[in-house]
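Encoded as structure tokens, the structure appears first; notes follow it.
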Amino acid sequence: MSDIILYVRSKEISVGGSPELTGHHGYASTYRGSSGPNLNYYEPQDQEAINLREKNKMVYTLVDLTKSPLALRLRAKLSGLKTPTVIWYRKKAVGVESIKRLLGEEGIE
């Protein structure tokens with residue numbers, strides 16, 4: 001089962017950035033303190049696909065297209081790859097429902 005590849009995209013969100021504060025005489029000022037750490041966030045469908053994979057204890061390769069090398073991101077964009085997508089041998093499932101069907105057909109779910 002190590003031939004399963006799950007493609008997802010993440011977004012990086014900043015935690016503890018520069019909030020806008022009310023300054024002297026009601027004018028807006030910006031706090032320039034240290035910015036906090038960045039966290040990765042997955043769209044709900046991508047996160048659900050990741051959860052499916054973990055729930056079924058599948059051995060897979062997770063490919064986060066946001067953090068992938070430029071060549072891979074370009075190939076994915078040119079091929080019209082949407083996330084989440086599972087590729088297993090020559091089978092391709094796009095979207096959580098399609099992934100569930102594929103796993104059910106193969107007896108994994």
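Within region 81-109, if we keep just the residues that are of a type in the set (Gly, Ala, Ser) and at pLDDT below 90, the residue that is surrounded by the most Cβ atoms within 10 Å (Cβ to Cβ) turns out to be GLY104. Taken over region 59-80, the criterion of being surrounded by fewer than 15 Cβ atoms within 10 Å (Cβ to Cβ) and basic (Lys, Arg) is satisfied by LYS67, ARG75, LYS77.
Within region 42-70, residues that are under 15 Å from GLU12 (Cβ atoms) sit with their Cβ atoms under 6 Å from residues that are among the polar types (S, T, N, Q) and not in a loop (DSSP other than H, G, I, E, B), at 6+ positions apart or across chains, in these pairs: TYR42/SER10; ASP64/SER10; THR66/SER10. Can we say GLU43 is at pLDDT below 90, under 17 Å from ILE4 (Cβ atoms) and acidic (Asp, Glu)? So GLU43 does not fit the description; no. Being farther than 21 Å from TYR89 by Cβ, exposed (fewer than 10 other Cβ atoms within 10 Å of the Cβ) and modelled with pLDDT of 60 or more is the requirement here; does LEU21 meet it? Criteria not met by LEU21.
The values are calculated or read from the model by the stated rules, or taken from the named source; none is laboratory data. On a predicted model such as this, the values are computed, not experimentally measured, just so you know. Cβ atoms come from the backbone with ideal geometry, glycine included; neighbour counts cover every protein chain shown.
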